[in-house]
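The values are calculated or read from the model by the stated rules, or taken from the named source; none is laboratory data. The structure presented is a predicted model; accordingly, all values stated were derived computationally and were not measured. Methodologically, a virtual Cβ is constructed for each residue, glycine included, from the backbone with ideal geometry; neighbour enumeration extends over all protein chains shown. The area values use the complete protein model at the heavy-atom level, side chains included, leaving out ligands, DNA and RNA. Shrake-Rupley method; radii C 1.70, N 1.55, O 1.52, S 1.80 Å.
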Amino acid sequence: MESPAQETLPDKVRAWKPKAGIVLGSGLGGFVDSMEVFAEVDYTQLQGVPASGVTGHAGRLVYGSVGGVDLVAAQGRAHLYEGCSPGEVTAVVGVMAAMGTELIVLTNAAGALNEDFTTGNWMQISDHLNLTGNSPLLGKGHFVDMSSVYSPRLRGQFSKAARAEGITLHEGVYAGVLGPQYETPAEVRMLKLLGADAVGMSTVLEAIQARALGLEVVGFSCLTNPAAGMGDSRLDHEEVLKVGERGAGDMVKLLHSVLGNPG
Ligand code: HPA
């Protein structure tokens, strides 16, 4: 599948040559504070990318470097639950591909389904269940191989970096659901039976689009809460954002360690 043409990018963005793209999930927008920022552009300047309306998502693409490696970070993403189409949800991935990125890092906030996983820690996504009932490839006549979506090469590098940094990095299956309501306890039991370790409302469509464009993909879930019915408290978006912000430091360290030392 072809990525959108370079010509679709605004003039000032055409000069950007990031090696990797990172999509920042709820509460993780602060990652850009750890970048040496060269330039930024609002989503409103980018063809097909809707401005995101959910709290915790800024709607801006930031170009800069981390440990000497040029990156582009998407601060804020569009979701199906906002009423965005699969094409709108994944447009930012197309923009990153048009810039020539070779790999894409997808981050999100998620509820923990696996009882062995601890809230506040990160889970590296080994595979996903796309339960949104949707695909960015509808109508495209494109049959993408999904047998190895999340790069074994990069997963190995991130696991190694986590061990070296003393950071807990769980690994497991991410279930991507439509939202915006959180799950019922019955749905949580179903997701566990299906083999999911974490549940969230993003990432799967972007991963599909990135693979369709031939990009290498890694994904990480910040486990912001036990899934519904598994903890003592009610689920709350503000709490999800707060825990995401606290977890951001570990992810910044891992990203610096792996992307700053490619190979
Ligand atoms: N469910 C779905 N999405 C989420 C959750 C959850 O428990 N936590 C953060 N995003």
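Key figures
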| item | result |
| --- | --- |
| Residues being touching a Gly at 6+ places or on another chain (Cβ under 9 Å), of a type in the set (Gly, Ala, Ser) and more than 16 Å from the ligand (Cβ to nearest atom) - total across segment 66-117 | 8 |
| Residue in segment 201-216 that is among the β-branched types (Val, Ile, Thr), part of a strand (DSSP E or B) and either within 11 Å of the ligand (Cβ to nearest atom) or surrounded by fewer than 19 Cβ atoms within 10 Å (Cβ to Cβ) (or both) present | no |
| Out of 23, 89, 13, sole residue that is open to solvent by less than 50 Å² (accessible area, probe 1.4 Å) and closer than 17 Å to residue 241 by Cβ | 23 |
| Some residue of segment 224-240 being at pLDDT below 95, within 9 Å of the ligand (Cβ to nearest atom), open to solvent by less than 40 Å² (accessible area, probe 1.4 Å) and assigned to a helix (DSSP H, G or I) | yes |
| Within segment 118-127, tally of residues that are in contact with a helix residue (DSSP H, G or I) (Cβ under 8 Å, 6 or more places away or on another chain) and away from the ligand (no atom under 14 Å from the Cβ) | 2 |
| Hits in segment 166-200 (condition: in contact (Cβ under 8 Å) with a residue 12 or more places away in the chain, surrounded by fewer than 16 Cβ atoms within 10 Å (Cβ to Cβ) and under 24 Å from residue 77 (Cα atoms)) | 178, 180 |
| Failed criterion for residue 97 (all others in (1) in contact with a strand residue (DSSP E or B) (Cβ under 7 Å, 6 or more places away or on another chain); (2) over 25 Å from residue 241 (Cβ atoms) hold) | (1) |
| Segments classed as strands (runs of 3 or more DSSP E), wholly inside segment 18-118, with at least 1 members that are of a type in the set (Asp, Glu) | 36-42, 69-75 |
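Residues are listed down the side, and each one gets a yes or a no for (1) more than 17 Å from residue 220 (Cβ to Cβ); (2) touching a Leu at 6+ places or on another chain (Cβ under 8 Å); (3) surrounded by fewer than 24 Cβ atoms within 10 Å (Cβ to Cβ); (4) of a type in the set (Gly, Ala, Ser):
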| site | (1), (2), (3), (4) |
| --- | --- |
| 30 | no, no, yes, yes |
| 69 | yes, yes, yes, no |
| 97 | yes, yes, yes, yes |
| 116 | yes, no, yes, no |
